Amino acid sequence: MLRLFRRPLTILAFESSADDTCAAVLTSTRKILSNVVIKQHEVHESWGGIHPAAAVMAHQRNMPIAAKRALTEAGLDISQVDGIAFTRGPGIGGCLGVSCNAAKTLAAVHNKPVVGVHHMQAHALTPLLTSWPDVPSFPFLTFLVSGGHTLLVLAESLTSFKIIATTRDESIGRTFDKVSRMLELSWDGIGPGAALERFCAGPEQGSLPDGFYPFPRPMPGQLAFSYASLHSHVERYLHFNGGIESVSLPSKLAIARSFQLAAFSQLEDKLLLALQWCANKSLDVRHLVVSGGVASNTLLRERLNACLKNAPTPLSVIFPPPSLCTDNAVMIAWASMHRFLAHDYDDYSINPRAKWSIEELHDKSEDRDMS
Ligand code: KG4
Ligand code: ZN
């Protein structure tokens, strides 16, 4: 990326695809000048998950604050910014609209170019920013594990991605959220997934309650994920055994730990299949990038590192720092950089795309789609 430009560019970026309102300023020389993330956990905790209308309202309230703070912390005013990027999709339609309109309006008024970014591409490319100069080389494998997606992808270039495996039902992050809710863990301002990880990390011991069967290992031998079966497993046990009130704290701990291990074992199983898939295609893949909110989990990091030590193909695993695994606007600015450097801008009439496969980055046919 660096070799393409004549002078460093400074990009302001916005992200509001789910429940975090984010704004950041990044230079093309990889300097993060600011990174503002305003969480909405207190808005959604009582709903037990993201409430779309409440999320839109919170984004509308918070985006001007985030944008102003990002510029102030960067020590810049808008005239010193070279371009404005935003998350175009995929995500919750109304939420995407907040960043999209903020970016387009500011850009139009101040005569700046604008670029709409694919959220999952941004997660995948984050290590090209954060691991510099030891960045992954294309093609690399990437796990994109978030609240909306569970993808195992072959990244062939900055803009070309092939999905090797996806989920047949719900995402790993959503399953963490549901299990955390069923176990009645308090989000404590960190969100349901991180709350489950923190609950599991304590020193106390516990054993699974009688009648709690081992978690399933779905679709053995197939390059596909299933996470709904894991949360149904907990749900069914609670339903037939008197609910969460009947589960002692040590048993609850054992259920949470066993769930975490099952969730991550599935990733390990599919990773080994994907390595075989790459070998069959004689692909020279040397790196695995793991990104998205769930990639901030410490146990997942340990497990994947251990799994790859015994893998038939040597592969180094790269995680962005946890704060850049969960949603942020730095990754959006970074994923837009190659386009700003190439003067490849979007029109001010660009709309969000709530549904947008990472394999369709080049597809312009839906550019006027309002979905
Ligand atoms: O990438 P992200 O911030 O937002 C989306 O693009 O969806 O991912 C959010 C997801 C949520 O489901 C959240 O509970 C989960 O990532 N998550 C975690 C952890 N931190 C966030 N899951 C497990 N362990 C964590 N430490
Ligand atoms: Zn995300």
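Read-outs throughout are calculated quantities, based only on the coordinates presented, and are distinct from any laboratory measurement. The structure displayed is predicted, hence computed values, not measured ones. Note: ideal-geometry Cβ built from the backbone for every residue, glycine included; neighbour counts use all protein chains shown.
If you average the sequence gap of Cα pairs under 8 Å that are 6 or more apart and divide by the length of the stretch 289-346, what percent do you get for the contact order? Each step should come with its number before you reach the end.
Values: 41 pairs, mean separation 23.5, N = 58.
About 40 percent, as a whole number.
Could you tell me which of rounded, prolate or oblate describes the stretch 138-319, using a ≥ b ≥ c as the square roots of the eigenvalues of the alpha-carbon gyration tensor, with rounded for a/c under 1.5 and, failing that, prolate when a/b is larger than b/c and oblate otherwise?
Verdict is prolate for the stretch 138-319.
Please list, in order along the stretch 336-345, the HN-Hα scalar couplings obtained from phi with the Karplus expression 6.51 cos²θ - 1.76 cosθ + 1.60 (θ = phi - 60°), rounded to whole Hz, x for Gly and Pro.
Whole-Hz 3J(HN,Hα) from phi for the stretch 336-345: 8, 4, 4, 6, 4, 5, 8, 6, 9, 9.
Kindly count the pairs of lysines across the chain whose alpha carbons are less than 24 Å apart, treating pairs on different chains or eight or more residues apart as eligible.
Going through the chain pair by pair, I get 25.
Quick check: the angle from helix 228-240's long axis to the longest principal axis of the chain, C-alpha only, nearest 10 degrees?
40
What GluC sites (Glu not before Pro) in the stretch 175-219 are in a loop by DSSP, with at most 14 other Cβ atoms within 10 Å of the Cβ?
Glu184, Glu204
Between Asp82 and Trp47, what length comes free when the chain is fully extended (0.36 nm per residue of separation minus the Cα-Cα distance, one decimal in nm)?
Full extension from Asp82 to Trp47 adds 8.6 nm.
Sorted by packing (mean other beta-carbon atoms within 10 Å per residue), highest first, where do 30-41, 234-245 land? Mind showing how you got there, number by number?
Values: 30-41: 18.6, 234-245: 12.9.
For the peptides 30-41, 234-245, the packing ranking is 30-41, 234-245.
Return an integer: the convex hull volume of the alpha-carbon atoms of the chain, in Å³ per residue. Please report the intermediate quantities before stating the final value.
Values: hull volume 52.1 nm³, N = 371.
Per-residue hull volume (Cα only) is 140 Å³.
Order of Leu26, Leu324, Leu275, Leu223 from fewest to most other C-beta atoms within 10 Å?
Leu223, Leu275, Leu324, Leu26
Scan the stretch 258-352 for trypsin sites (Lys or Arg not before Pro) in coil per DSSP, keeping those whose Cβ has at most 12 other Cβ atoms within 10 Å, and list them by number. Working shown, then result.
Details: sites: Lys270, Lys281, Arg286, Arg301, Arg303, Lys309, Arg339; in loops: Lys281, Arg286.
Those satisfying the criteria are Lys281.
Only helical DSSP H runs with n ≥ 4 go in: add -39500 (n - 2.57) per run for the chain, normalise by residue count and round the 222 nm mean residue ellipticity to 500 deg cm²/dmol.
My calculation for the chain gives -13000 deg cm²/dmol from helical runs alone.
List every residue whose amide H lies under 5 Å from the amide H of Gly83, counting only residues 5 or more places away in sequence or on a different chain, with H placed 1.01 Å from N in the peptide plane.
It is Thr10, Leu12, by chain and number.
What percent do you get for the relative contact order of the chain when only Cα pairs under 8 Å and 6+ apart count?
Taking the mean separation of contacting Cα pairs over the length of the chain, I get 23 percent.
Taking the Cα atoms only, what angle lies between the long axis of helix 119-130 and the longest principal axis of the chain, rounded to 10 degrees?
So the inclination is approximately 80 degrees.
Shape verdict for the stretch 10-144, please, from the Cα gyration tensor: rounded (a/c under 1.5), prolate (a/b greater than b/c) or oblate.
Since a/c reaches 1.5 but b/c is at least a/b, the shape of the stretch 10-144 is classed as oblate.
Which distance in Å, rounded to a whole number, links the C-alpha centroids of the stretch 232-251 and the stretch 136-209?
Comparing the Cα centres of the stretch 232-251 and the stretch 136-209, I get a distance of 22 Å.
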